[in-house]
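*Asks:* Okay, here's the structure, questions in a sec.
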Amino acid sequence: MPIPIILDCDPGHDDAVAILLAVASPKIDLRAVTTCFGNCALEDATRNALQILDVAGAPEVPVAAGASGPLSGDQALGNYVHGASGLDGPELPPPSRAADPQGAVALMASVLDAADEAVTLVVTGPMTNAAQLLRDRPDLISSITEVIFMGGSTERGNHTPSAEFNTYADPEALDEVLQTGLPVRMVGLNLTHQALATQAVVDRMRAMPHQVGQTCAAWMGFFGDSYHRVWEFDAPPVHDPCTIAALIDPEVIEWRDAFLAVELDGTWTRGETVVDLHGRYADRRPNARVALTLDVQRFWSLVFDALDRLGARGD
């Protein structure tokens with residue numbers, strides 16, 4: 001049976017690939033897409049999600065807008081990587097529909113209330129919407145199979161030297177979700193920096209005989225130029241679809257159980273994830289599964305197959 005999921009995101013070029021992968025896979029039942037500030041402002045993220053679903057040929061998937069800023073503190077945005085729109089690159093038609101007016105938290109709750117089985121919550125932006133949902137509806141914890149999120153790292157940061165962007169943008173939200181005791185899987189920079197959109201990857205997308213592949217190639221081209229400009233990377237890490245790939249193919253990522261926390265107060269380290277891979281905190285039991293190693297060839301095969309599947313639907 002397909003895995004029912006809610007995808008909470010801040011599209012974003014890599015979020016776009018995650019949405020395409022979720023729509024295309026017969027192993028995923030995408031029940032809603034909710035949006036958050038992060039890679040861009042909320043209004044842009046919501047428009048982008050609607051446009052991406054149009055590219056995927058999935059206008060039936062409900063979309064709702066959520067948090068425009070963190071639970072507390074100042075808003076941080078990733079426009080310096082994703083461009084002014086959050087999805088700069090190829091020009092897309094306006095969305096074919098409007099977002100659901102009830103808002104992200106209400107849509108999440110309605111999906112969970114209506115589900116006859118537990119639903120996986122996939123978060124590829126700041127954790128704000130998920131934390132607000134669990135504040136408002138703690139009774140729904142039993143309706144969530146797990147939270148799998150892109151964020152954090154076992155090593156370095158990207159927004160600051162120590163903190164990955166999503167965990168930096170709302171560390172209090174991540175901390176609240178960790179405190180619920182829900183099963184959590186973290187897909188951090190240490191894993192996603194293995195998922196590089198090399199020139200060979202982009203060329204393969206560009207050679208696809210359909211608009212989906214060519215649009216994705218153009219997104220990766222813009223994304224790659226940004227990473228080269230900001231960090232001098234030869235190829236950009238495509239972070240967010242690693243979460244969806246992990247659900248589609250359990251063998252694509254190697255995991256380790258570990259204690260996970262997020263720094264809330266550090267002068268230099270706010271938003272840094274503390275991942276105890278070696279049991280240094282003897283009094284802290286593992287509370288998360290942490291992604292370590294990606295089967296790169298297997299991952300990109302999933303992405304290419306998804307793009308071709310969507311392209312064939314559009315023909």
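Derivation of every value follows stated rules applied to the coordinates shown; laboratory data play no part. This structure is a prediction, so every number in the text was calculated from the model and none was measured. Using ideal geometry, Cβ is built from the backbone for each residue, glycine included, and neighbour counts are taken over all protein chains shown.
*Asks:* Considering every residue within region 126-135, establish whether at least one is of a type outside the set (F, W, Y), buried (at least 17 other Cβ atoms within 10 Å of the Cβ) and in a loop (DSSP other than H, G, I, E, B). Don't jump to the end; show me each part of the working.
*Replies:* If we filter region 126-135 for residues that are of a type outside the set (F, W, Y), which is where we start, we get 126-135.
So of that shortlist, the ones also buried (at least 17 other Cβ atoms within 10 Å of the Cβ) come out as 126-134.
Then keep just the ones that are in a loop (DSSP other than H, G, I, E, B); that gives 126-127.
Yes, because at least one residue in region 126-135 is of a type outside the set (F, W, Y), buried (at least 17 other Cβ atoms within 10 Å of the Cβ) and in a loop (DSSP other than H, G, I, E, B).
*Asks:* Which residues, counting only those in region 62-81, are closer than 27 Å to G221 by Cα and in contact with a strand residue (DSSP E or B) (Cβ under 6 Å, 6 or more places away or on another chain)?
*Replies:* V63
*Asks:* Then there's this: Inside region 148-224, counting only helices (runs of 4 or more DSSP H) that do not spill past its ends, which hold 1 or more residues that are in contact with a Cys (Cβ under 6 Å, 6 or more places away or on another chain) and in contact (Cβ under 8 Å) with a residue 12 or more places away in the chain? Before you say what the answer is, go through the steps one by one.
*Replies:* Details: elements: 165-169, 171-179, 189-192, 199-206.
Correct list: 189-192, 199-206.
*Asks:* Sticking with this one: One residue is enough: does region 21-28 have a residue meeting the conditions closer than 17 Å to A114 by Cα, assigned to a strand (DSSP E or B) and not acidic (D, E)? Reasoning before the result, please.
*Replies:* Of region 21-28, the ones closer than 17 Å to A114 by Cα are none.
Scanning region 21-28, I find no residue that is closer than 17 Å to A114 by Cα, assigned to a strand (DSSP E or B) and not acidic (D, E), so the answer is no.
*Asks:* Please specify each residue of region 280-297 satisfying the condition of being under 30 Å from R204 (Cα atoms) and surrounded by fewer than 16 Cβ atoms within 10 Å (Cβ to Cβ).
*Replies:* T293, V296, Q297
*Asks:* Consider L277 against the criteria (1) touching a residue at least 60 places away in the same chain (Cβ under 8 Å); (2) among the aliphatic types (A, V, I, L, M); (3) buried (at least 17 other Cβ atoms within 10 Å of the Cβ); (4) closer than 22 Å to A163 by Cα: it satisfies all of them except one. Which criterion is unmet?
*Replies:* Here L277 clears every test but (3).
*Asks:* Could you tell me how many of the residues in region 25-68 are basic (K, R) and within 17 Å of D240 (Cβ to Cβ)? Show your work before the answer.
*Replies:* Quick first cut of region 25-68, residues basic (K, R) only: 27, 31, 47.
The next check asks that each one be within 17 Å of D240 (Cβ to Cβ); those that pass are none.
Of the residues in region 25-68, 0 are basic (K, R) and within 17 Å of D240 (Cβ to Cβ).
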